[in-house]
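J.: Take a look at this one; I'll ask things after.
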Amino acid sequence: MRTVVAVSDGPVTRLGQLELAGEVEDTEPIMPTGLRVMDAYVLSAVTGGEGFYRDADGRDERIVAGCHTLVPPGFPHTYGTDPGRRWTELFAVFSGPLFDSLSDLGVLAGAGPRYPRPAPSLDALRSVLRTPPRSERAAEHQLLALADWLVDAQDPVVRPGGHDLDLEVTQALDRLGDDQTGALDLHDLAASLGLSYDTFRRRFSTQVGESPASYRMGKRLETAATLLRLTDLTHREIARTLGFADEFHLSRRFKDRFGVPPREYRRPG
């Protein structure tokens, strides 16, 4: 049981500030008995256990693993576990014009628990939040990466015609997005969804716009980009972390995706 604070009073930048970020691991959170008001946006993503959420609008509901809760500045609310119970959560407190603009556009509108499908990658969020920025520029990249995660977390993916994705495709998106090492066998995934591989691949590609393998590779490379900008991990360490054969394999895939090799992407502008 512990609380790991990764960022505290991050640099104030033109885009805003990450005021606090970290992870509560199998712990009972310490929260006020009544509603609280924060001067910044608050994000909580529960990865294990469950609890409750209440706010000034009368919303009172359960929080479960896979749910994330977002609360805007100045809004009375509280959340936590039941007495004596514990959970694991990623948390962030942030502010600034970048997030105010997203709120004005409706991306961060409303307060309370959210259950987007497909669920955004919590491993990607952990990668964004776990490293203290080494400079103001690194802090801005961190805020942009957080904003990118929040954008991905808001709305469900829909088919071109505006219809919701099939349940099997939604479940596949969740599992592929979290398969950061590429270890999941796609034939096994199809079988677990009750589909033949050919049917699964065809349905996924039609509804998502790319194949399951391409979608997963894109998510892994997005995580690689985050690690390049926000950590001091070597290219070899990033390749090993994400299941690539070596740093050269990672470099080829990265350049195909982003148009530049990892070394150039990481180079300060």
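The values are calculated or read from the model by the stated rules, or taken from the named source; none is laboratory data. Keep in mind the model is a prediction, meaning the values are calculated, not measured. For neighbour counting, all protein chains shown are included, and Cβ atoms are generated from backbone atoms with ideal geometry for every residue, glycine included. Side chains included, ligands, DNA and RNA excluded: accessible areas come from the protein's heavy atoms. Shrake-Rupley method; radii C 1.70, N 1.55, O 1.52, S 1.80 Å.
J.: Roughly to the nearest percent, how much of the accessible area of the chain is carbon and sulfur, given a 1.4 Å probe?
T.: Looking at the chain in its full context, I get 49 percent from C and S.
J.: In addition: Step through the residues of segment 93-102 one at a time and calculate ³J(HN,Hα) from phi using the Karplus curve (6.51 cos²θ - 1.76 cosθ + 1.60, θ = phi - 60°), rounding each to whole Hz and writing x for Gly and Pro.
T.: 10, 8, 7, x, x, 4, 7, 5, 5, 4
J.: Non-local amide H neighbours of Leu165 (under 5 Å, H modeled in plane, Pro and chain starts lacking H): which ones?
T.: It is Arg159, by chain and number.
J.: Next up: Calculate, axis by axis, the spread of Cα positions in segment 173-217 along the three principal axes, and write the results as whole Å, longest axis first.
T.: 24, 21, 13
J.: Work from the charge dipole of the chain (Cβ charges, +1 for Lys and Arg, -1 for Asp and Glu, about the Cα centre) and give the residue of Ala225, Gly49, Trp149 farthest towards its positive end.
T.: Of the listed residues, the answer is Ala225.
J.: Compute the distribution of all C-alpha to C-alpha distances in segment 136-269, in bins of 10 Å from 0, and list the percent of pairs in each, rounded to whole numbers.
T.: P(r) over segment 136-269, rounded to whole percents: 11, 37, 33, 17, 2.
J.: Can you tell me which of Gly49, Gly106, Gly243 moves the most in a GNM of the chain? Springs connect C-alpha atoms under 10 Å apart.
T.: Largest GNM mean-square fluctuation: Gly106.
J.: Could you state, as a whole-number percent, how many of the C-alpha pairs of segment 1-108 are farther apart than 24 Å?
T.: Pairs farther apart than 24 Å: 24 percent.
J.: Alpha carbons only, please: Rg and Dmax for segment 48-123, in angstrom.
T.: Every Cα atom of segment 48-123 included, Rg and Dmax give 13.2, 40 Å.
J.: Using every Cα-Cα pair within the chain, state what percent have a distance larger than 23 Å.
T.: Cα-Cα pairs of the chain separated by over 23 Å account for 57 percent.
J.: With a cut-off of at most 12 other beta carbons within 10 Å, and DSSP calling the residue loop, which trypsin sites (Lys or Arg not before Pro) in segment 1-61 qualify? Please list them.
T.: Arg14
J.: Now a separate question. Please give the Cα centre distance for segment 120-142 versus segment 34-92, rounded to the nearest Å.
T.: Rounded to whole Å, the Cα centres lie 22 Å apart.
J.: Using only the Cα atoms of segment 192-259, what do you get for the radius of gyration and for Dmax, in Å?
T.: Spelled out, the Cα radius of gyration and Dmax of segment 192-259 are 14.5, 42 Å.
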